[in-house]
Amino acid sequence: MQTIHWKIKSFTELSVTELYEILRIRQAVFVVEQTCNYLDADGYDDKAVHLWAETNGEILAYCRLFDSGIKYHEASIGRVLTNSNYRNLRLGKTLMKFALLTIQARFRAVDVRISAQDYLLKFYSEFGFQDTGKKYLEDDIPHTEMLKSYKYV
């Protein structure tokens, strides 16, 4: 395994190649692997901070981060994924740790809201996210909104 590099960039800092690879891996995971026909380019990428792990230009894990008031009233994390070829490396946990640290450092957020696929509720609860009770189907996949609060930590 090559060295893993972690990158954090705003939309305007992304190179054309980086943006292409981000969109490619998101489509590979969310559209092809999860068989969801939806418009991934949803008009929010330019408002996000993009966080990912890569080796030799290949994205291994990725998510996008939003300040409060963009996707939700709270700061948020979305499009969380791990490349199927690298899921054995447990990069998802490292990705979430870096995502939460980045939100605290860049946005000084008090609360973080996510829209979690239900099969990942236990995973996100390990980071202090709690089920809000708001459950819904998105692209025929059960989701739950979860909230992490730093108010009482």
- If you check Glu54 against the conditions, is it over 25 Å from Asp139 (Cα atoms), out of contact with any Pro (no Cβ under 8 Å at 6 or more places or on another chain), assigned to a helix (DSSP H, G or I) and modelled with pLDDT of 95 or more? no
- Task: Please find, within the stretch 11-26, the residue that is surrounded by the most Cβ atoms within 10 Å (Cβ to Cβ) out of those that are within 15 Å of Asn85 (Cβ to Cβ) and either out of contact with any Leu (no Cβ under 8 Å at 6 or more places or on another chain) or at pLDDT below 95 (or both).
- Result: Glu21
- Query: Can you find even one residue in the stretch 71-81 that is of a type in the set (Asp, Glu), touching a residue at least 24 places away in the same chain (Cβ under 8 Å), over 19 Å from Val29 (Cβ atoms) and part of a strand (DSSP E or B)?
  - Reply: no
- Task: Report whether or not Leu81 is surrounded by 18 or more Cβ atoms within 10 Å (Cβ to Cβ) and either closer than 24 Å to Lys47 by Cβ or modelled with pLDDT under 95 (or both).
- Result: yes
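Quick grid of which residues meet (1) touching a residue at least 60 places away in the same chain (Cβ under 8 Å); (2) surrounded by 14 or more Cβ atoms within 10 Å (Cβ to Cβ); (3) assigned to a strand (DSSP E or B); (4) over 12 Å from the mean Cα position of the chain (by Cα):
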| site | (1), (2), (3), (4) |
| --- | --- |
| Asn85 | no, no, no, yes |
| Leu100 | no, yes, no, no |
| Ala109 | no, yes, no, yes |
| Leu120 | no, yes, no, yes |
| Phe123 | no, yes, no, yes |
| Glu145 | no, yes, yes, yes |
- Note on the structure: Across the stretch 31-41, the tally of residues that are surrounded by 14 or more Cβ atoms within 10 Å (Cβ to Cβ) and either of a type in the set (A, V, I, L, M) or modelled with pLDDT of 95 or more (or both) stands at 1
- Query: Restricting to the stretch 57-77, what's the tally of residues that are touching a Phe, Trp or Tyr at 6+ places or on another chain (Cβ under 9 Å) and surrounded by fewer than 19 Cβ atoms within 10 Å (Cβ to Cβ)?
  - Reply: 5
- Query: Restricting attention to the stretch 1-21, which residues are among the hydroxyl-bearing types (Ser, Thr, Tyr), part of a loop (DSSP other than H, G, I, E, B) and either in contact (Cβ under 8 Å) with a residue 24 or more places away in the chain or touching a strand residue (DSSP E or B) at 6+ places or on another chain (Cβ under 7 Å) (or both)?
  - Reply: Thr3
- Task: Read through the list (1) modelled with pLDDT under 95; (2) over 22 Å from Asp42 (Cβ atoms), then give the number of the only condition that Lys97 fails.
- Result: (1)
- Residues within the stretch 125-143 that are touching an Asp or Glu at 6+ places or on another chain (Cβ under 9 Å) and assigned to a strand (DSSP E or B), tallied: 9
- Query: For Thr94, all conditions in the list (1) closer than 22 Å to Ile4 by Cβ; (2) out of contact with any Ser or Thr (no Cβ under 7 Å at 6 or more places or on another chain); (3) of a type outside the set (Asp, Glu); (4) assigned to a strand (DSSP E or B) hold save one; what is the number of the exception?
  - Reply: (4)
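The values are calculated or read from the model by the stated rules, or taken from the named source; none is laboratory data. Since the model is a prediction, treat every value here as computed from it, not as a measurement. Glycine also receives a Cβ, built like all others from the backbone with ideal geometry; neighbour counts cover every protein chain displayed.
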